[in-house]
Amino acid sequence: MENNNHLEGIEKKALYEELQEEDYYIKYRKLARHLEILDLQESYIKDEQANLKRELIQAREEVKRIQSELDHPCDGCDLICARHWIAENFEKKALYEELQEEDYYIKYKKLARHLEMVDLQESYIKDEQANLKRELIRAREEVKRIQSVPLAISQFLEPTDHLTGIRSPL
């Protein structure tokens, strides 16, 4: 009876150790997958940053172009034509100028805020990757430690047949 309890205890311990190894292996695989996802997200954020920088440059160029057009609305006209045009359209031009500046300024500010957010996300992802790498290293060490434990325990156990549970002669 005691021998059966002892064998059941050994089997339970072996099963528990196998489950622990699987748990750490599963954790290791999950961490590896999570690290791959973070790498993909980081590359996406870098691409998005580059796109936003391009959009910002294009928006600045567009603002400069519109400002230069508004500064010189009628290059080919003579002085009389220019005075007449300015007198008639002064209020419209001022309103249009104000609306255009606000639109581009608002776009510029939104792009700048979005760029700051992307920078913040990028720094967060770098920190998260570093933490995950540390966690991955710890998990690997834990797996190695757990894998080495059954060898140490089995050194002190009596040799038994794993199929029948009967002690083998030395």
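Table for the structure above
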item	result
Over 25 Å between alpha carbons, listed pairs 64/110; 109/133; 46/144; 64/107	109/133; 46/144
Estimated FRET transfer efficiency when R0 is 30 angstrom, pair residue 146-residue 34 (beta carbons, to 0.05)	0.90
Added length on full extension, which subtracts the Cα-Cα distance from 0.36 nm per residue, residue 137 to residue 64	21.0 nm
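Bear in mind these aren't lab numbers, they're just calculated from the coordinates by the rules spelled out. In this text, all values refer to a predicted model and were calculated from it rather than measured experimentally. All Cβ positions, even for glycine, are placed from backbone atoms using ideal geometry, and neighbour counts span all protein chains on display.
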